[in-house]
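These notes are about the structure you will find just below.
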Amino acid sequence: MSVLKEVHFTPEPRPAELPMRVWLDDGDSAVDVIDALALSPFATGAQPWSCTVSLERVRPEASLMPAAGILVRAAREEDGRDSRLVCGEGWTLRAVRFRNRAATVSVTAIREELARSVIEEITKDAVEPAPESAHVEMGFWWQGSHGARRSAKPITASPWAEVSDNYARVLSGPLSRLMSVTPSDVHGRLVLLHGPPGTGKTTLLRTLAHEWRAWCQVDCVLDPEHLFNSPGYLMEVAVGSDEDGEKWRLLVLEDCDELIRSGAKEATGQGLSRLLNLTDGLLGQGRDVLVAITTNEDLARLHPAVVRPGRCLAQIEVGALPHDEAAGWLGTAEGVPSSGATLAELFALRDGVADRPVLAPENTGLYL
């Protein structure tokens, strides 16, 4: 049976303050208490300014605590989450650290400049820079409970010169041309990569993010099935933000078979129409937006409106490596089928796990 406890926060009354009450039961944790305590000064109006930052690759030795602060609460969860509440003169700080070295820091203060100065102090030299040679920043969109959300993360991305041998020689020309595209070369707004699972389509998208990094911001939409069913969500993603500057934007939609196959109009309603508008209408043209789609469908099964001339910047079938090329990649013909092998199968052979079945998951996500 839940035990309900009512917790009252009663700071010194001020004209601009509002009362705050928090109810806690045995389903709440110590971290939840810290969250409530951190919100209290802002909710009551005692500290009406708030700033929040999300950090990646936080240094283990970084304290995330100002020199003048006093630690008043600390809690650690079984999942490795560490939450701390720190107070100073005119400000309150909540720092939550995660096992993957990410952190979220929120500061409330009596003045905006004070809140920002506290944030600047604790974040200075707190984050390790991502290695430039092996990483590129990619945005990730999803529909949250409070609308569209975007988070930027560094991802591993190799240059085209380092991964080109993973693909059949017949694809060398088309893929090299795609990797070398510049804004002046953009004719058609859709990049369509189709072929069996495990052939390296997602690796190509990561490489494309690396090769286009100087002029194009790549964002991956994690829930494309929601994107085209919600005009508001679609508008948020298509319009982007002022932080994008003058860069073009490439929206990555993985495994969207049901959206672009021949029966898509009947199956998804307005979804296909909105996709076409994003690639060939006012929505996409006005914001310099490109769309990259991966699919396992055969080209003949795709909706004709998707593959019509002029719509695609690139339309490339990514298949298995022929037998001789696969044997050359592996260094031996042993275990390579006469029909050739996909990139996933070659990695399995190289790593000695080819005797295990190579299964294609229903949603491959960021897989090869």
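The values are calculated or read from the model by the stated rules, or taken from the named source; none is laboratory data. What you see is a predicted model; the values in this text were computed from it and never measured. In this analysis, Cβ positions are derived from the backbone assuming ideal geometry, glycine residues included, and neighbour counts consider all displayed protein chains. With ligands, DNA and RNA removed, areas are computed over all heavy atoms of the protein, side chains included. Shrake-Rupley method; radii C 1.70, N 1.55, O 1.52, S 1.80 Å.
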Completion exercise
Whole-Å distance linking the alpha carbon centroid of the stretch 78-112 with that of the stretch 329-344 is 52 Å
Practice task
Give, as a single signed number, the net charge of other residues whose beta carbon lies under 14 Å from the beta carbon of W142, with Lys and Arg counted +1 and Asp and Glu -1.
Solution key: -2
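Could you tell me the relative contact order of the stretch 23-127? Use alpha-carbon pairs under 8 Å, at least six residues apart, and round to a whole percent.
Values: 185 pairs, mean separation 34.3, N = 105.
Relative contact order of the stretch 23-127: 33 percent.
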Exercise for the section: For every other residue with a beta carbon closer than 12 angstrom to the beta carbon of A326, add +1 if it is Lys or Arg and -1 if Asp or Glu, then tell me the sum. Expected result: -3
Practice task
Quick one: accessible surface of S145, probe radius 1.4 Å, all protein chains present, in square angstrom to the nearest 10.
Solution key: 110 Å²
Handout entry: Prolate/oblate/rounded call for the stretch 23-90, Cα gyration tensor, a/c under 1.5 rounded
Key = oblate
Problem - Order by protection proxy (mean Cβ within 10 Å, highest first), peptides 119-128, 212-221 - result: 212-221, 119-128
